[in-house]
Each structure stands twice: as structure tokens, then as C-alpha cells.
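J.: My structure is below; once you've seen it, I'll send some questions.
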Amino acid sequence: MKNIIIAIDGPAGSGKTSSAKIVAEKLNYVYIDTGAMYRAFALAWLRSGMEFNTNSFKSIMENSKIELGQNESGQKTYLNEEDVSELIRTPEVTKYASSISADKFVRYSMVDKQRVLGQKGGVVMDGRDIGTDVFPQAELKIFLIASIEARAKRRLAELVAKNIEVSLEEVMDQISERDYNDSNRDVNPLRQAEDAIKLDTSDLTIQEQTDLIYNLATKIINSSYD
Ligand code: DC
């Protein structure tokens, strides 16, 4: 069976993570959450107490080991062997992950790591720049979009489930700020690859969007036998 690379990009709350995880499971592929890598790095910086500049990032990068893994309770992110999967989802880490990811040094280091992780194929990788910069040769590229209201409602539900108190308006403001930063940075901004398939998930259930992506993937995988 051919092991292809599936790139899923899109803005915050567009449904990347949920669908990437399920598609990977169904195909028996590895799921790589590149946002978790930026988040873990932001957490390392927050803990370091260092200034927000490239020199600090270089030193933190040298001294931090960021790994993605899986255990019986699901996908995990490790920072120096500590399970930080929950800690990287706080509003503070979310905010700094976006600004830190605009730093050229951080980006290029992460992109290098992501290329190593995905080079053998058989991966579903989600992020902002997977189809455009990390794996422009990916066999399947999906660009997910959704209205700001739909995205904010999804994010609010996740935060409420974690007992984080926040209003819908606040979440909408945070998402808009992140959209702006992620799309307007100089290096690898969020944008749709020319050959990506755009899916608007505003009115789709997870099941529907997953089925669409899974069907596209199996078509490509099966056509590689022709
Ligand atoms: O996907 P996420 O919300 O967990 O990502 C957190 C931040 O990391 C996001 O605001 C921008 C950045 N990011 C990025 O710049 N490139 C990626 N491939 C993935 C995430």
C-alpha cells in the first residue's frame, strides 16, 4: 500500500485536528500535530523567563526536546519528557505559540523537524504551512475554512469542557487576532496551496468532513496501483 502524505491546513478552529486524527486512525497512518510543536516551544519559552527574541529561542531550542507520541489515552506532546498535552492548550500558550511561530529561526527549525517526521509518508500532518512549505509535494492537500462564528463556538466548547471561563466574544477576538498574525507573518504565512482542495466546514459535522477527506485519500492511495 502506498504511504502518501496528507497535508491539512487552515485557520484556528477550522476542524483540522479533529479530522486529521480520525483520518489518520482510519488509514492506520501517523498523525502529526505541528501546532502542538509550536505550542510546546512557546511553553518552554514562557517557563524560561527569557526575553522574547531570537537569541533566547536559539538557546531554548538547543536545550529542549519536543516529541509527539501516543499512549492509551491518545495523542501526547512531550517537552523534555514531561507530558504537556494539557498545559499547551491554555489561552496564554495559544497566544504565544502564534507570535513565536513568526520567528524565522523557530519556523525553520520546526519545519526541519516536521520534514524528518513525515519523510517516509503514511502521515496526516496538520498546521498552517504543510501544503505550501513543509511538504509542497504532498499527494493530498486539504485547506479547511469555516466562519469565525462556527470556529469560535467550537473553541468555546473545548475551553468550557476544561473549566476555562471565557465568553464567545473573547474567543472570537482571540481567533481573529491569531488569524491576522498567522496569515500576515513574513515567513510561511497561512495560505492555501494552489493545488489544495478547499473545504468549508462551517456546516459540516466531524463525520462529514472526515468522510470527505478519507474518500479523497483512498482514491489517491488506490490509484497508485494503476
Ligand atoms: O494549530 P494550533 O492552533 O494548535 O497552532 C498553534 C499556533 O502555532 C498557531 O496560531 C500558529 C502556529 N502554527 C504555525 O505557525 N504553523 C504550523 N504548521 C502550525 C501551527
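J.: Grab the strands (runs of 3 or more DSSP E) fully contained in the stretch 1-80, keeping just those with 3 or more residues being within 15 Å of the ligand (Cβ to nearest atom).
T.: Ranges flagged: 5-9, 30-33, 74-79.
J.: So which of 81, 62, 67, 51 ends up being on the phi > 0 side of the Ramachandran plot, open to solvent by 50 Å² or more (accessible area, probe 1.4 Å) and modelled with pLDDT of 95 or more?
T.: When all the criteria are applied, what remains is 81.
Here is a yes/no grid of residues against (1) in contact with a strand residue (DSSP E or B) (Cβ under 8 Å, 6 or more places away or on another chain); (2) under 22 Å from residue 144 (Cα atoms):
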residue	(1), (2)
25	yes, yes
40	yes, no
49	no, no
108	no, no
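J.: Also, quick follow-up: For the subset of the stretch 180-194 comprising residues that are in contact with a helix residue (DSSP H, G or I) (Cβ under 8 Å, 6 or more places away or on another chain) and of a type in the set (D, E, K, R), which member is surrounded by the fewest Cβ atoms within 10 Å (Cβ to Cβ)?
T.: Ranking the candidates gives 186 first.
J.: Taking interchain pairs and intrachain pairs at least six residues apart, which have beta carbon atoms under 6 angstrom, with the first residue in the stretch 86-98 and within 12 Å of the ligand (Cβ to nearest atom) and the second modelled with pLDDT of 95 or more and open to solvent by 20 Å² or more (accessible area, probe 1.4 Å)?
T.: 88/39; 93/39; 97/39
J.: Next question. Quick one: residue 159 ticks every box in (1) open to solvent by less than 50 Å² (accessible area, probe 1.4 Å); (2) in contact with a strand residue (DSSP E or B) (Cβ under 8 Å, 6 or more places away or on another chain) except a single one, so which number is it?
T.: For residue 159, the exception is condition (2).
J.: So, one more: Quick check on residue 208: is it loosely packed, with under 15 Cβ neighbours inside 10 Å and over 22 Å from residue 143 (Cα atoms)?
T.: When the stated conditions are applied, residue 208 does not pass them.
J.: Can you work out which of the residues in the stretch 1-58 that are out of contact with any Lys or Arg (no Cβ under 7 Å at 6 or more places or on another chain) and acidic (Asp, Glu) is nearest to residue 112 (Cα to Cα)?
T.: The extreme case among them is 33.
J.: Evaluate the following for residue 117: is it open to solvent by 10 Å² or more (accessible area, probe 1.4 Å), in contact with a strand residue (DSSP E or B) (Cβ under 7 Å, 6 or more places away or on another chain) and either at pLDDT below 95 or of a type in the set (A, V, I, L, M, F, W, C) (or both)?
T.: For residue 117, the condition - open to solvent by 10 Å² or more (accessible area, probe 1.4 Å), in contact with a strand residue (DSSP E or B) (Cβ under 7 Å, 6 or more places away or on another chain) and either at pLDDT below 95 or of a type in the set (A, V, I, L, M, F, W, C) (or both) - is met.
The values are calculated or read from the model by the stated rules, or taken from the named source; none is laboratory data. Predicted model, so just to flag it, every value in this text is computed and none were measured. All Cβ positions, even for glycine, are placed from backbone atoms using ideal geometry, and neighbour counts span all protein chains on display. Each accessible area value is taken on the protein alone, full model and side chains, heavy atoms only, with ligands, DNA and RNA left out. Shrake-Rupley method; radii C 1.70, N 1.55, O 1.52, S 1.80 Å.
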